[in-house]
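As structure tokens, the structure follows; a few thoughts come after it.
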Amino acid sequence: MSRRPRLTGRGQVFLALGVVVVALGTLLGFPDITRAGVLLVCLPVLAVLVGWRPAPPVTFQRLVDPALVAPDQPARVELSFRGRGQRLSPLQVAEEQVDPLLGAPHRFLLPRMDPGERHLVTYTVSSPFRGAHKLGPLRLERHDPFGLTTATLALPGAGQVLVLPRIEPLGADRVRGGGVGREGQVPHMVALHGEDDVSIRAYRDGDDLRRVHWPTTAHRGELMVRQEDRPARRRAVLLLDPRAAAYRHAAEAFEWAVRAVASVAVHLAQDGYAVHVVGAGDPSATQLGTLLRELAVVEPTARDLTTHVREAHALTSEGAVVVAVVADRDPETVLTLPAVRSPGSLGVALVLDTPSFADVLPSPRADDGPLAPLFTAAGWRTRTVRQGETVAAAWAGATRGLDGLRPGVPAGLR
């Protein structure tokens, strides 16, 4: 969008001074002073008339490399300008507007260009904050030779830099879920005719006794169990609590939750799990890149957890790993969440002590709050997280001692 030329501060001073000089020269009867005043008035007026003529058009392209970056990783922005029309383009000042989280706008001088001539400008941006950060629009500003007027032109087109959530390494320990593959093996297809087909195999320590196939056991004289067809990859379901009301006055708690879900997603994906994230975009997606992109732009919502609990429950199967990162405010809202974990599956709950993340210093609380015991009683590995604790430390505390334990069985029954 082009703007008409307008007087700068210098131009306004010239115009006002010219009017005053003309008035004084006329009142005092000095024709030379009056003529000098007329000249001062005419200069800004002529500058406006000359600036009314549109400048030759300039086109540009914006290239961002890479467009997907980690926090604090620099991205290189390349602006390629090309002169058009039949005349030499004027000297112009270009200003690239950027998201304030990326820093201050970038200003540079665009030289005069012949038709078809190209000019290249590069700069770098970075941000420690996740999200889709906007680049543009680009404004061109030109002045007359005396600096009395200015005209601006906003070039269409915008770009963006997508900053992913910060990923914390969670160590080399592997997560061992329940059911098939809980000792770390990737389950394989054992039937040929669909999900309802079954095969019979010998009983293994830890198998559910409800799956014992008694006719075959009686025939062979040893315990035999049914083994249903399993998908080729283990499954992990990660649930992010996106309730805006749960993070009121504690925005850092939500950022910690997003960082935790992203870190666990990367950790489990590297361990061979098909990872689903509920509460941030499409829960059916399993591509790690897609999951991280959705987590990069997720924001708290006014919706409750009911829909997300249903989505997580539909994805959870026996042997799946379920990880929930939830806020401890309004525990009645999440009463149905502990039931998402299937029997024989591993459930890990990271419960955020949101008052400790609050902008106002909270009163100290010695216990784990009302929500953590609900998960613990339901057989989850639970960790209460307070401000200052890293994701790696919280994950290590929640999963410590999993080797040799049967996930899903309360400690008192082991």
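Just for the Cα atoms in region 1-159, what are the lengths along the principal axes, largest first, rounded to whole Å?
For region 1-159, the Cα spread along each principal axis is 73, 37, 20 Å.
Tell me, what is the percent relative contact order of region 278-361, built from C-alpha pairs under 8 Å that lie six or more residues apart?
This gives 28 percent for region 278-361.
Restricting to the chain, compute how many DSSP beta bridges are antiparallel as a %, nearest 5.
The antiparallel proportion sits near 65 percent.
Kindly state, to the nearest 0.05, the FRET efficiency for Val45 paired with Thr307, given R0 = 41 Å and r defined as their beta-carbon distance. Numbers along the way, then the final one.
Values: r = 65 Å, r/R0 = 1.59.
It comes to 0.05.
Once the Cα atoms of helix 31-51 and of the chain are each reduced to a long axis, what angle between those two axes, in degrees from 0 to 90 to the nearest 10, is obtained?
Tilt of helix 31-51: around 30 degrees.
Looking at region 238-278, what % of the alpha carbon pairs are farther apart than 13 Å?
Every Cα pair in region 238-278 considered, those over 13 Å come to 53 percent.
Run the numbers on region 1-87 and let me know its relative contact order in percent, using alpha-carbon pairs under 8 Å that are six or more apart.
Reported relative contact order: 24 percent.
Short version: ³J(HN,Hα) in whole Hz for each residue of region 145-161, in order, from phi by Karplus 6.51 cos²θ - 1.76 cosθ + 1.60 (θ = phi - 60°), x for Gly and Pro, what are they?
Result, rounded to whole Hz: x, 8, x, 8, 9, 9, 9, 10, 9, 8, 7, x, x, 9, x, 7, 10.
Given a cut-off of under 8 Å on Cα pairs at least six residues apart, what relative contact order in percent is computed for the chain?
Worked out over the chain, it gives 12 percent.
For helix 288-297, report the angle its Cα long axis makes with the longest principal axis of the Cα atoms of the chain; keep it between 0 and 90° and round to the nearest 10°.
Result, in degrees: 50.
PRE reach from Arg6 (point 7 Å along Cα→Cβ): which of region 136-154 fall under 13 Å by backbone N?
149-153
At 4 °C and a viscosity of 1.567 mPa s, what translational diffusion coefficient does Stokes-Einstein give for region 64-134, taking Rh as the Kirkwood radius over Cα pairs? Give it in µm²/s as a whole number. Could the numbers behind the result be given before it?
On the way: Rh = 13.7 Å.
Value of D from the Cα-based Kirkwood radius: 95 µm²/s.
Using only DSSP helix segments of four residues or longer, with each worth -39500 (n - 2.57), what per-residue ellipticity at 222 nm results for the chain after dividing by its residue count and rounding to 500?
Value at 222 nm, helices only: -8000 deg cm²/dmol.
Need the full-extension length gain, Arg112 to Ala158, defined as separation in residues times 0.36 nm minus the C-alpha distance. One decimal, nm.
Full extension from Arg112 to Ala158 adds 14.2 nm.
Under a plain spin-label model, where a point goes 7 Å from the Cα along Cα-to-Cβ, how far apart in nm are Ala393 and Ala132?
Distance between the two pseudo-spin positions: 3.5 nm.
Provide the per residue accessible area, probe 1.4 Å, for region 1-76, rounded to a whole number of square angstrom.
That works out to 68 Å² per residue.
Can you pull the percent of the chain's accessible area that's carbon plus sulfur, 1.4 Å probe, other chains left in place?
Details: 12460 of 21490 Å².
Looking at the chain in its full context, I get 58 percent from C and S.
Let me know the volume per residue of the alpha-carbon convex hull for the chain, in Å³.
With only Cα atoms used, the chain gives 200 Å³ per residue.
Direction-averaged shadow area of the convex hull around the Cα atoms of region 271-310, nm²?
3.2
The values are calculated or read from the model by the stated rules, or taken from the named source; none is laboratory data. Since we're looking at a predicted model, the values are computed, not measured. Note: ideal-geometry Cβ built from the backbone for every residue, glycine included; neighbour counts use all protein chains shown. Heads up: the accessible areas ignore ligands, DNA and RNA and are worked out on the full protein's heavy atoms, side chains in. Shrake-Rupley method; radii C 1.70, N 1.55, O 1.52, S 1.80 Å.
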